[in-house]
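Structure first, commentary second.
Just so it is clear, none of the values below were taken in a lab; they were calculated from the coordinates. If you're wondering where the values come from, they're calculated on a predicted model, not measured in any experiment. Here the Cβ is made from the backbone with ideal geometry for all residues, glycine too, and neighbour counts use every protein chain on show.
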Amino acid sequence: MKILVTGGAGFIGSQYVRSVLAGDHPGCEGAEVTVVDKLTYAGNTANLPMAHPRLTFVRGDICDQQLLLRTLPGHDAVVHFAAESHVDRSLTAAADFVRTNVLGTQTLLDCCLRADVGTVVHVSTDEVYGSIAEGSWTEEEPLLPNSPYAASKAGSDLVARSYWRTHGLDVRITRCSNNYGPYQHVEKLIPLFTTNLLNGRPVPLYGDGRNVREWIHVEDHCAAIHLVLTKGRPGETYNIGGGTERTNLQIAEQLLELCGADRSLLRHVEDRKGHDLRYSIDDTKIRTELGYTPRRTFEEGLAEVVAWYRENPNHWPTNP
Ligand code: NAD
């Protein structure tokens, strides 16, 4: 099997690449992997085993049609992670999000069609559904994105669906909840709080901290993506949840404890514009159809993540 992974130098993409090369998923033993990554501020080749004999790294933009048409032929599958992914940045630089997430996805799908790629997994997010006060979203829920990031991801989901419906390209969409794990860029909540607290610096908590997110370990997300690639159905969307709901305040309190930091380092700051109150995924479909079950418990996983940042202080540039 030959898999091309876009955005493979980022947080989740690199976990997926490392796990495929390690033979962690059924059916990927001996697989060859090509990573296409632009190496924006969020990409880091140190996330990848660059000398691995079954890994080829191509620095490139998913909006670059010529590069994709040169690189894609011969690949059985594409797993598409490349995106601008940070909600806060999308509030001030939305054009970058529309360009990469919408135009980049369309360019990639068009090239996959022309290069006769077998299957494409389009990796999306629960944020496309908006915010939900009670209950959980199934895949049938309407898309009501609130941030420019979520809107650009929703746009890319619709483009993906259209390439299946119009052209018969085998595209499968996944929508996952918030990921945590090692190698995540220090701009995101858990790494930002962890690295600040380990350095004795204050942490900025948006508003009253009561926004709820559902957390999943990045290893469970990647296992689910591989299940969708190998056992999923063309044209289908699969929600992927971790099952652990926490308020941001609860996360902050847990990290204060794990880092041995004083509560005085917790600073309430003005809330993010349009901040969604709660995300919650109903992932019955992937559990019943494909046999997905998350394996990592949040408490153990979070302690491991803190230990990873403690042991790898120079992996990412220090926070501004
Ligand atoms: P990330 O920001 O850590 O990594 C994104 C990667 O894409 C980087 O390596 C970057 O260099 C690359 N990239 C950006 N623009 C590119 C372009 N134009 N061409 C080629 N490469 C480009 O993101 P992540 O957290 O690993 O998220 C990966 C995917 O998973 C995204 O599509 C995101 O929407 C989705 N997702 C993320 C989460 C989460 O909690 N992090 C949850 C659900 C879904």
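Okay, here's what the table says:
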read-out: Share, in percent, of DSSP beta bridges within the chain that are antiparallel, nearest 5; value: 10 percent
read-out: Size of charge dipole - the range 106-230 - debye, nearest 20, with Cβ of Lys, Arg +1 and Asp, Glu -1, no other charges; value: 300 debye
read-out: Estimated FRET transfer efficiency when R0 is 41 angstrom, pair residue 270-residue 39 (beta carbons, to 0.05); value: 0.80
read-out: Amide H contacts under 5 Å for residue 61, placed H, 5+ residues apart; value: none
read-out: Student exercise, the chain dipole from Lys, Arg, Asp, Glu Cβ charges, in Debye to nearest 20; value: 560 debye
read-out: Anisotropy class of the range 41-107 from Cα gyration tensor, a/c 1.5 cut; value: oblate
read-out: Fully extended contour minus Cα-Cα distance, from residue 140 to residue 210, at 0.36 nm per residue; value: 22.5 nm
read-out: Residue 176 long-range amide H proximity, modeled H, under 5 Å; value: 124, 125, 126, 240
read-out: Inter-centroid distance (Cα atoms) of the range 26-41 relative to the range 229-245, Å; value: 20 Å
read-out: Relative contact order of the chain, pairs being alpha-carbon contacts under 8 Å that are 6 or more residues apart, as %; value: 18 percent
read-out: Whole-Hz ³J(HN,Hα) from phi, Karplus 6.51 cos²θ - 1.76 cosθ + 1.60, for the range 131-139, glycine and proline x; value: 9, 9, 6, 9, x, 9, 7, 9, 5
read-out: Proxy reagent accessibility, fewest Cβ within 10 Å first, across 256, 227, 91; value: 91, 256, 227
read-out: Separation between Cα centres of the range 108-169 and the range 295-310, rounded to whole Å; value: 30 Å
read-out: Gyration tensor (alpha-carbon) shape descriptor, the range 267-320, a/c threshold 1.5; value: oblate
read-out: Taking only Cα atoms of the chain, radius of gyration then Dmax in Å; value: 18.8, 57
read-out: Length-normalised contact order for the range 114-179 - Cα pairs under 8 Å, 6+ apart - percent; value: 49 percent
read-out: Three-way shape call for the range 68-163 based on the alpha-carbon gyration tensor, with the a/c threshold at 1.5; value: oblate
read-out: Highest average packing first - 212-225, 38-51, Cβ atoms within 10 Å; value: 212-225, 38-51
read-out: Distance violations [Cα-Cα > 25 Å] among 188/231; 38/188; 38/285; 153/273; value: 188/231; 38/285
